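The values are calculated or read from the model by the stated rules, or taken from the named source; none is laboratory data. On a predicted model such as this, the values are computed, not experimentally measured, just so you know. Methodologically, a virtual Cβ is constructed for each residue, glycine included, from the backbone with ideal geometry; neighbour enumeration extends over all protein chains shown. When the accessible area is computed, the model is the full protein with side chains, heavy atoms only, and any ligands, DNA or RNA have been set aside. Shrake-Rupley method; radii C 1.70, N 1.55, O 1.52, S 1.80 Å.
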Amino acid sequence: MKSQLGIETSVIAQEEEAKLGWLTAVAGAADVSPATARHVLAWDSGGGSFQISARPEGSGIVCYNGAWGSTVAAEALMTKIQGVQFDGAGSSPNPVSMEQALELVAAIRQTLEPPPPWLAAMLAAPATTLVGIGGDTCIFRLAAEVAGLLQPQAGGLVSVELSRAAVVGGIEKAVGKSDEELGSYLQLELVVPKLCLFTAVLVRPPRPPTPHSTPPPTSPRPVLAPRLGLRSFR
């Protein structure tokens, strides 16, 4: 680029990418004002990493980063869990069993840093709106499509609300299916890895009961912390 156009380029750090992601999310949401921007949680989930960023009240832009993206998750699923070769784009793990999907969720969680207090607080706040960046194939749009809240490949700017049942149940709907059976979605080979990544990062296991609490019903599935408003930008 420099030799042909004379433009200097450089690779920015994840922290800088996270800040740009939050500024993009706030700028792109027409109904976000300076007073409500503190409720915006931006997640830029790519092929090799993710950045979650926010600007809590009384703070500058903060971020929570991870070295997991859709391609990284797909490679881990195929090579470490299914024991098959991963050849890059187009390599499909489908059909994926529920046991394999839950193993991938656990593997991702084991490598993630604990969520910082600001993120835990935002996930518990009903007013939080999650803004996803990634276009028509982004992880958030896919979750809404599998949950039946959006028509596959609808395109454009969307705004939906995802419940804990919708996100976790999305994996149950996608497992055990071949590429042909998942044919209505984009990037068929990444459907289950993306849903597992979403679950591993923003869905938390049930809290262990305290000595004076009633134990929750036994369930192998994790539980989503909040009900999140979801917006996705092209």
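Quick notes on this one:
- Looking across segment 120-154, just one residue is at pLDDT below 75, among the small types (G, A, S) and over 14 Å from the mean Cα position of the chain (by Cα), and that is A154.
- On the stretch given as segment 155-178, residues that are modelled with pLDDT under 95, open to solvent by 30 Å² or more (accessible area, probe 1.4 Å) and in a loop (DSSP other than H, G, I, E, B) total 1.
- Residue match in segment 200-216 (condition: of a type outside the set (S, T, Y), buried (at least 20 other Cβ atoms within 10 Å of the Cβ), assigned to a loop (DSSP other than H, G, I, E, B) and at pLDDT 80 or above): no
- Inter-residue pairs, beta-carbon under 6 Å, first touching a residue at least 40 places away in the same chain (Cβ under 8 Å) and open to solvent by less than 20 Å² (accessible area, probe 1.4 Å) and in segment 184-195, second polar (S, T, N, Q) and in a helix (DSSP H, G or I), 6+ apart: L190/S70; P193/S70; K194/S70
- Within segment 11-34, residues that are farther than 19 Å from V160 by Cβ and aromatic (F, W, Y) reach partners that are at pLDDT 80 or above and not in a helix (DSSP H, G or I) with beta carbons closer than 6 Å, at six or more positions or on different chains, in the pairs W22/A42; W22/S53; W22/I61.
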